[in-house]
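Read the structure below first, then the notes.
The values are calculated or read from the model by the stated rules, or taken from the named source; none is laboratory data. This one's a predicted model, so the numbers in the text were calculated from it and none came from an experiment. Neighbour counts are summed over all protein chains in view; Cβ atoms, including those assigned to glycine, are modelled from backbone coordinates with ideal geometry.
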Amino acid sequence: MPRLWLGNACTEHMVDRMDLLTQDDFDGILFAMKRLVWLMRDGDALVLPRPVPGDFLYHVAQHTGISPARIHVIAPDADLLAQGLLHFKEILGRLRELVTPDWEFCPYIHDRGAEVFARELGLVTGSRFVAEGGAELLNSKVVFRALAAGAGFAVPDGIPCRTSEDLLYTLHRLLAAHPAVILKRDRAVGGHGNTVITTDPGLEGTGAQRTIVLGDPADDEQVLKEAGLTATHAPQGEIVLEVFHPDCTSVYVEVDCPEHGEAVLLNGGQLRTDQHPPVLAGLALPPRSVPGPAWEHFTSEALRMARFMHSLGYRGLASIDAVIDQVDNVWFNEVNARLGGSTHLHHIAKTLVGPDWTDSHVLISRFNVRAPALAHLLPAMREHGLAWDPHRGHGIVIASDDTAATGNLEYVVLAHNHDEASALEDQLTGLLAQYDS
């Protein structure tokens, strides 16, 4: 059956403060949503904020076998697929002419806004838990801590904070025993709303947009301003304050909680970070620097968590995130009950290599990479032997393209081992440097 894909990231039900989103945020959201093109089959429809560049669409089609003439991309040319926009005639009217009740509904996140939209189109969705806002519940960092702790999963020491008193007493307690804590907004994504607080000026706050260095642990003013809490309530949303583990390794697994059958692990890996700021920049599948026993413990517990989510009634894909500290303790820190940053990567690898691609290949990705237009880059990649070659079984494809608007793209390297992948990535970096010079 055809599928309706909805690029509804960072909308009203996913983030607390849409009014704080910047143009850079909007560009990043669109960048991520373009990845959905890799998941499409002939006959599918995709709703995105802005159109998909033609060169990128044809690049994807060459590898997936879809025909650009046989898919439907509806793009109102907006910053975001806000809920009100989805119900405009330009989107809803066109889809009513196209979509029938037998279509499968595939939103980026199945929140209540997506459910209302599906019902307007006469589409039946499977999970009552999800239809009632269950995905949003799991995505809440505040709710996640309570559910995870109650089910016996290891979470970092800390507490969800609703008031300034919650925050200050917890801050002083944690900083008396640990070098740093991290303040996380309840509903924010991609490191936004994450602030590391430390008394060590040399500490690197990987995974956070900002680090606050306190000259005195009792200096509360900066932290209170960042949190936005009052003595009685949380006007900007609740926050989580928990121990920050410096020099940890951030890992994830993607799971599927199907309509029928047991929850399963699909893929897993390690987060790659940039230095300035030290936030997510890509993934490595499988992880490159995680000891075997720690990885086995993490994946075993992550599968148990997926089964727990499944028992609540959650259906669909989800990413389960954790950090592994320097003594190999695993600390779970959040669930993303939606399509994740590896969904398209796993699909690309299955498409190019096969369903058992992890038996023979590794994958590394990097996004927000400065690059020329694909019309120039793709021929150069082929000329230098960097483009994906099915006969050699290694190479690079473009996972998302925003070179026309921001000059950035995301690439994926598939190779037989990490050394081969690193060599291909280094060659691509050298090629891209020629365009910057």
Can you confirm whether the stretch 352-361 contains a residue that is touching a His at 6+ places or on another chain (Cβ under 7 Å), surrounded by 15 or more Cβ atoms within 10 Å (Cβ to Cβ) and part of a helix (DSSP H, G or I)?
yes
Condition first: assigned to a helix (DSSP H, G or I) and in contact with a strand residue (DSSP E or B) (Cβ under 8 Å, 6 or more places away or on another chain). Now tell me which residues in the stretch 117-149 satisfy that.
F117, A118, V130, A135, L138, N139, K141, V142, F144, R145, A146, A148
Which numbered condition trips up F298, out of (1) surrounded by fewer than 23 Cβ atoms within 10 Å (Cβ to Cβ); (2) out of contact with any Leu (no Cβ under 7 Å at 6 or more places or on another chain)?
(1)
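This table checks each residue for (1) outside the structural domain of V369 (by TED's automatic domain parsing); (2) modelled with pLDDT of 95 or more; (3) closer than 28 Å to Q23 by Cα; (4) of a type in the set (A, V, I, L, M, F, W, C).
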residue: T403; (1), (2), (3), (4): no, yes, yes, no
residue: L409; (1), (2), (3), (4): no, yes, yes, yes
residue: L414; (1), (2), (3), (4): no, yes, no, yes
residue: D419; (1), (2), (3), (4): no, yes, no, no
residue: Y435; (1), (2), (3), (4): no, no, yes, no
Residues to consider are A75, A118, A82; find the one that is in the same structural domain as L46 (by TED's automatic domain parsing), touching a Lys or Arg at 6+ places or on another chain (Cβ under 6 Å) and closer than 23 Å to G340 by Cβ.
A75
Being under 18 Å from V323 (Cα atoms), aromatic (F, W, Y), buried (at least 21 other Cβ atoms within 10 Å of the Cβ) and at pLDDT 95 or above is true for just one of F144, F153. Which residue is that?
F144
Only residues that are in contact (Cβ under 8 Å) with a residue 60 or more places away in the chain and under 26 Å from T358 (Cβ atoms): list them for the stretch 402-437, please.
E410, V412, L414, H418, E425
Which of the numbered conditions does T198 fail, given that it passes all the others? Conditions: (1) surrounded by fewer than 18 Cβ atoms within 10 Å (Cβ to Cβ); (2) touching a Pro at 6+ places or on another chain (Cβ under 9 Å); (3) of a type in the set (S, T, Y).
(1)
In the stretch 162-183, residue nearest to the chain's Cα centre (by Cα) [restricted to those that are outside any helix (DSSP H, G or I) and in contact (Cβ under 8 Å) with a residue 60 or more places away in the chain]:
I182
Where in the stretch 221-305 are the strands (runs of 3 or more DSSP E), entirely inside, with at least 3 residues that are within 17 Å of the chain's Cα centre (by Cα)?
249-257, 264-273, 280-285
